1. From the set of residues in the stretch 38-58 that are in a loop (DSSP other than H, G, I, E, B) and surrounded by 11 or more Cβ atoms within 10 Å (Cβ to Cβ), which is nearest to the chain's Cα centre (by Cα)?
2. Could you please find all residues in the stretch 123-179 being buried (at least 17 other Cβ atoms within 10 Å of the Cβ), touching a residue at least 60 places away in the same chain (Cβ under 8 Å) and not in a helix (DSSP H, G or I)?
3. Every residue in the stretch 85-122 that is outside any loop (DSSP other than H, G, I, E, B) and more than 28 Å from residue 38 (Cα to Cα), please.
4. So residue 84 clears everything in (1) modelled with pLDDT of 95 or more; (2) farther than 15 Å from residue 44 by Cα; (3) surrounded by fewer than 19 Cβ atoms within 10 Å (Cβ to Cβ) except one condition, right? Which one?
5. Keeping to the stretch 27-55, report how many residues are farther than 24 Å from residue 93 by Cβ, touching a helix residue (DSSP H, G or I) at 6+ places or on another chain (Cβ under 8 Å) and modelled with pLDDT of 85 or more.
């Protein structure tokens, strides 16, 4: 996480769920998620900082580094206790918006994308498409490698019940629309 990124560029808040395990050592020292499957869902409120001066359609450099002047970076991330805290947080977020913007856009990444890839892509889409509602990112445990297709295919099957649980919880937020 790059705390100083909160002073640089556009900020996009994302709420998400993941059934990917947190890596506490190795390549993800900050406790971000890796490709390991987890039996427990994690729910997060995340702020992603977008670099200043980027043009609409400029894709995030997923492996570019942690310079908020040039790269998409995670500026802040808070864990939500459970599914109830997640829906309460969403409801509160939606209630602060004008009624016409009380909608939820759900994003589920595809093959070859890890946790940060999905956050940065959703931030890009939110910014470039001008999404005014709340965005929800669902992350499943991808190997993030070209030759990881079989692992990713199995991970999608592993994640489907958690995705269903997340989707079924969204109407309790009283949003006007879920897409």
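1. Filtering the stretch 38-58 for residues in a loop (DSSP other than H, G, I, E, B) gives 50-58.
Remaining after also requiring surrounded by 11 or more Cβ atoms within 10 Å (Cβ to Cβ): 50-52, 54, 58.
Working: 50: 14, 51: 17, 52: 20, 54: 20, 58: 18 Å.
For the stretch 38-58, the residue satisfying everything is 50.
2. Listed by number, the residues that qualify are 134, 135, 136, 137, 138, 139, 140, 141, 142, 143, 144, 175.
3. If we filter the stretch 85-122 for residues that are outside any loop (DSSP other than H, G, I, E, B), which is where we start, we get 85-95, 99-101, 103-108, 115-122.
94, 95, 99, 100, 101, 103 - these are the residues of the stretch 85-122 that are outside any loop (DSSP other than H, G, I, E, B) and more than 28 Å from residue 38 (Cα to Cα).
4. (2)
5. Going through the stretch 27-55 one residue at a time, the tally reaches 1.
The values are calculated or read from the model by the stated rules, or taken from the named source; none is laboratory data. Model, not experiment: these values are computed from the prediction. Please note: Cβ atoms are built from the backbone with ideal geometry, for glycine as well, and neighbour counts cover all protein chains shown.
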